[in-house]
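Beneath this line is the structure, given in structure tokens, with notes to follow.
The values are calculated or read from the model by the stated rules, or taken from the named source; none is laboratory data. A quick note: this is a predicted structure, and the numbers were derived from the prediction, not measured. Virtual Cβ from ideal backbone geometry, glycine too; neighbours counted across all protein chains shown. What goes into the accessible areas is simple: the full protein's heavy atoms, side chains included, and nothing from ligands, DNA or RNA. Shrake-Rupley method; radii C 1.70, N 1.55, O 1.52, S 1.80 Å.
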Amino acid sequence: MPKGSGRYMAWPATTRYGLSVAPGNLGLVQDFLNTITEGTLAPPDLLATLESAQEWADQVLEQWSSIDELGWAKILPRLTENDREALVAFRDQLFEGLFGHSYSEPASGPGRDNPTYRPLMTVSTRGLELRPDGEGWKYFETALLLICHQGQLEGVLRRMKSCKSETCDVVFYDRSNNNSGVWHDVKLCGNRANVRAYRERSAAN
Ligand SMILES: [Zn+2]
């Protein structure tokens, strides 16, 4: 893949769903979560194989470094199969932590039980700063958690949602005034749910 500035880049996973992306670093968390496959259109789960996971990682790290204002983005080692499995388990944990339901069921693989993450806290003329720390892809996971934490403090994390559809977990960023969106795509998932509800009502009558 050619490197260099000025080339069009986008969040590789979220773009597949044609969604508006979450602002700033939160777009990285959204993209990580959107590596999942969605119910009907079902593009591949980008973390399903080492090859597709590496391809996604290359793209997402480049995109991250192009929008990163915190100086957190860095080059990470090539993924190993262990890293890939850890990312899949972490993705499930993040789904649970943010949206109250896991993505894969049952919990994928020999998951890690509540791994702990240790950010670095520094004091400088810029004030107190929390930064990600950790080896390899643990650094990446820690960064995602810190970005979520920051989004929580700033009140933007609650706008990042998983689609309400039973067959779709796509993660969208709700820009509606009253933060009332529930579908990642009203036409696709909203209509499908309405049709189902209508059929159920008709069947009950
Ligand atoms: Zn949806």
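Things worth noting here:
- Given (1) touching a helix residue (DSSP H, G or I) at 6+ places or on another chain (Cβ under 8 Å); (2) farther than 25 Å from residue 188 by Cβ; (3) at pLDDT 95 or above, number of the condition residue 62 does not satisfy: (1)
- Within the stretch 33-63, considering residues that are touching a Phe, Trp or Tyr at 6+ places or on another chain (Cβ under 8 Å) and away from the ligand (no atom under 16 Å from the Cβ), the one farthest from residue 163 (Cα to Cα): 63
- Test: residue in the stretch 159-182 that is within 15 Å of the ligand (Cβ to nearest atom), touching a Lys or Arg at 6+ places or on another chain (Cβ under 6 Å), open to solvent by 40 Å² or more (accessible area, probe 1.4 Å) and modelled with pLDDT of 85 or more: yes
- Looking at 170, 156, 182, just one residue is farther than 18 Å from residue 13 by Cα, under 20 Å from the mean Cα position of the chain (by Cα) and touching a residue at least 24 places away in the same chain (Cβ under 8 Å), and that residue is 156.
- Those residues of the stretch 138-185 which are among the hydroxyl-bearing types (Ser, Thr, Tyr) and part of a loop (DSSP other than H, G, I, E, B), in sequence order: 165, 167, 176, 180
- In a residue-by-residue description of the stretch 74-84, the property of being within 16 Å of the chain's Cα centre (by Cα), touching a residue at least 40 places away in the same chain (Cβ under 8 Å) and surrounded by 13 or more Cβ atoms within 10 Å (Cβ to Cβ) applies to no position.
- Against the list (1) away from the ligand (no atom under 16 Å from the Cβ); (2) open to solvent by less than 60 Å² (accessible area, probe 1.4 Å), the condition residue 66 fails is (2).
- The stretch 183-205: number of residues that are out of contact with any strand residue (DSSP E or B) (no Cβ under 6 Å at 6 or more places or on another chain), open to solvent by less than 70 Å² (accessible area, probe 1.4 Å) and within 13 Å of the ligand (Cβ to nearest atom): 7
- Any chance residue 33 is within 15 Å of the chain's Cα centre (by Cα), under 24 Å from residue 131 (Cα atoms) and surrounded by fewer than 19 Cβ atoms within 10 Å (Cβ to Cβ): no
- The number of residues in the stretch 139-158 being closer than 19 Å to residue 93 by Cα and surrounded by 15 or more Cβ atoms within 10 Å (Cβ to Cβ) comes to 13.
- Search result, residues across the stretch 120-138 that are of a type outside the set (D, E, K, R) and surrounded by 17 or more Cβ atoms within 10 Å (Cβ to Cβ): 132, 137
- Here residue 52 clears all of (1) in contact with a Leu (Cβ under 7 Å, 6 or more places away or on another chain); (2) surrounded by 18 or more Cβ atoms within 10 Å (Cβ to Cβ); (3) of a type in the set (Ser, Thr, Tyr) except the condition numbered (2).
- Residue match in the stretch 38-53 (condition: under 30 Å from residue 126 (Cα atoms) and modelled with pLDDT of 95 or more): no
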